[in-house]
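Have a look at the structure below before the remarks.
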Amino acid sequence: MNPSPAVSLTRVSKVFDSGAGRVHALADIDLEVGSGEFVSLIGPSGCGKSTLLRLIGDLLEPSAGSIRVNDKSAHQARVDRDYGIVFQQATLFEWRSVLHNVELPLEVMGRDEAEREQTARSMLDLVQLSEFAGHYPYQLSGGMQQRVAIARALSFEPSILLMDEPFGALDEMTRERMQTEVLRIWAQIGTTVVFVTHSIPEAVFLSSRVVVMSPRPGRIAGIVNNDLPQPRNDDTRESPRFYEKMTEVRETLRGIEAA
Amino acid sequence: MTETFPSFGEGTEPPPSVAYRSELAPGLLRVYTRRYLPAALIFVGGLVLWELTVRVFDIKRFLLPRPTAIIAAFGREFGTVTAAGWFTMREAMGGFVLGASAGVGIALITARWTLIRDGLMPFAIAVNATPIIALAPIMNNWFGITNPMAKMSIVGVIVFFPVMINMVRGLSEVSPGSLELMDSYGASPRQILRRVRIPNSLPYVLGAFKVGTTLSVIAAIVSEYFGGSRNALGVYISQQAALFHFAEAWAAILVASFSGIVFYLVIVAVERVVIPWHASMRAVAEG
């Protein structure tokens, strides 16, 4: 594999200690994500896929094992702003206009105002929301809000994009449009993407590799290499190869249940 | 690449607010009539009913004067009651500014040192539930009965607690997602305070300010009932009542109500300017 992967996890475990007792969320995770790769994490609820994403982002600390991001500690990578993150909820600030929401990370990083605005506007171009720069979040549909969140995550040009079920709250039609759009952006800027989902077609449509996870404790049950040709579009969804790949992922998921 | 997917229908939808405004413009008068006419009718109807009840049942003047008698008294005493009203409102507003500033200031300190918050909040909530107005005679004693500071300090204490408690809530009840997001940018606690916690607290604080305006007028007048300057509204009301001049007392109460409402509306106006994005403001705009 790539000599210097974007993300590398070695024997990573995570145990949550709460009043109710210990929850073993992740056990012995070994995973490498190559630079420029699009990797999906898929699995049933409680398999620790969102936890895994937060470990990579240094929003949680592992109980054991090591995490390297861009050949640095996860903490250093976060401080260096090596990744942008998108959650299931758009998490826009309701008191900021669309433009100012996209500028937020640049503000935190102390970029000057002219540069911030220019960058934010070009990001809104990228997600095709330029004409909504002056709107407030409540004036946008769920899909548009999520596109603003993507623009915000990309505004400081991070080399890695972490996405935690970003389209989970959207309807099926919007969801498919957003998937096409994410692939377009990915092809355009060549960022590494780690994408958490519980939708098999979403994982197959988007990723170059699908990491299938099993619950209690979360483990990697199998990895499906996905060589569906790029660029992918609506025709991809109807191709026989797409269905074959979906079957492969589904059978790996079934293997979990059988075990 | 962009041209490959030219129109995601979504992007071209007009936002709801634009559609709403263009719809509203022609029928504006009708909308306002519909919104305010019921209240206006009930107000006028209530006064008429009051007047008729007093006349028909021959209710004694000292129990309940007729609205027309109150208006006549208001006309006779106009200079006195408005001057007294202004005197008392200065106490109310001065105390409000003191209490609100202290409330905001202390809340900001607790955001920085959460230990202070955890130590202070149980007492703040407890004190807020006590009748602070009972301290009015004590304050008269501390500052001197005619010193406006005696009344302002009571008003200040009464306004302080709800402002402080609500601001602390607004600073701490931030969505976990917003905090994770700021963490992902490596934001400092100060940046989180300024960009997340303070904006998040504004609707809470302004809500407390609205409560505070009402409380401050009540506190100023009631503390004047325990004695104060002869120019004060509360003193005027209690003296006129003692002399059985009830129409005059009611005229003064009218001034008090009017001042309280104006004070409240000032904060409502501030709210519209400061937090137009908040859900409560949109309900006002679209309701």
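Set side by side, the residues A:Arg96, A:Arg78 differ, and just one is part of a helix (DSSP H, G or I), within 11 Å of chain B (Cβ to nearest Cβ) and either out of contact with any helix residue (DSSP H, G or I) (no Cβ under 6 Å at 6 or more places or on another chain) or surrounded by fewer than 22 Cβ atoms within 10 Å (Cβ to Cβ) (or both), which is A:Arg78. When B:Met139, B:Met89, B:Met93 are checked against the criterion of being in contact (Cβ under 8 Å) with a residue 40 or more places away in the chain and more than 22 Å from B:Ser257 (Cβ to Cβ), B:Met139 stands alone in meeting it.
Determine whether A:Gln179 is on the phi > 0 side of the Ramachandran plot and either at the interface with chain B (Cβ under 9 Å from one of its Cβ atoms) or part of a helix (DSSP H, G or I) (or both).
Numbers: on the phi > 0 side of the Ramachandran plot: no; either at the interface with chain B (Cβ under 9 Å from one of its Cβ atoms) or part of a helix (DSSP H, G or I) (or both): yes.
No: the conditions fail for A:Gln179.
Pairs linking a residue in region A:61-82 that is in contact (Cβ under 8 Å) with a residue 24 or more places away in the chain to a residue that is among the aromatic types (Phe, Trp, Tyr), with Cβ atoms under 6 Å and 6 or more positions apart or on different chains, are A:Arg81/A:Phe156.
Please state which one of A:Thr10, A:Thr51 is touching a Phe, Trp or Tyr at 6+ places or on another chain (Cβ under 9 Å) and outside any loop (DSSP other than H, G, I, E, B). Result of the check over A:Thr10, A:Thr51: A:Thr51. Close contacts from region B:175-199, counting a first residue that is touching a residue at least 40 places away in the same chain (Cβ under 8 Å) and a second that is outside any helix (DSSP H, G or I) and not basic (Lys, Arg), with Cβ to Cβ under 6 Å and a gap of 6+ residues or different chains, come to B:Arg197/B:Val174.
B:Ala219 meets all of the listed conditions (1) out of contact with any Asp or Glu (no Cβ under 7 Å at 6 or more places or on another chain); (2) part of a helix (DSSP H, G or I); (3) within 14 Å of chain A (Cβ to nearest Cβ) but one, namely (3).
Okay, residues lined up against (1) touching a Lys or Arg at 6+ places or on another chain (Cβ under 8 Å); (2) closer than 30 Å to A:Glu61 by Cα; (3) within 14 Å of chain A (Cβ to nearest Cβ); (4) not in a helix (DSSP H, G or I):
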| site | (1), (2), (3), (4) |
| --- | --- |
| B:Ala126 | no, no, no, no |
| B:Ile133 | no, no, no, no |
| B:Ile138 | no, no, no, no |
| B:Ile145 | no, no, no, yes |
| B:Lys151 | no, no, no, no |
| B:Met167 | no, no, no, no |
| B:Leu171 | yes, yes, no, no |
| B:Leu181 | no, yes, yes, no |
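Taken over region A:126-156, the residue count meeting the criterion of being at pLDDT 90 or above, part of a loop (DSSP other than H, G, I, E, B) and either hydrophobic (A, V, I, L, M, F, W, C) or out of contact with any Phe, Trp or Tyr (no Cβ under 7 Å at 6 or more places or on another chain) (or both) is 8. Considering region A:106-123, and only residues there that are part of a helix (DSSP H, G or I) and in contact with a Lys or Arg (Cβ under 9 Å, 6 or more places away or on another chain), the residue that is nearest to the other protein chains (Cβ to nearest Cβ) turns out to be A:Val108.
On inspection, B:Leu202 qualifies as out of contact with any Phe, Trp or Tyr (no Cβ under 7 Å at 6 or more places or on another chain) and within 30 Å of A:His135 (Cα to Cα).
Among the residues of region A:125-140, how many are within 11 Å of chain B (Cβ to nearest Cβ) and in contact (Cβ under 8 Å) with a residue 12 or more places away in the chain? Can you show your working first?
The initial filter retains those residues of region A:125-140 that are within 11 Å of chain B (Cβ to nearest Cβ), namely A:125-132, A:134-140.
Right, trim to in contact (Cβ under 8 Å) with a residue 12 or more places away in the chain and you get A:126-129, A:132, A:134-138, A:140.
Going through region A:125-140 one residue at a time, the tally reaches 11.
The values are calculated or read from the model by the stated rules, or taken from the named source; none is laboratory data. What you are looking at is a predicted structure, and each value in this text was computed from that prediction instead of being measured. Cβ: placed from backbone, ideal geometry, glycine included. Neighbour counts: every protein chain shown.
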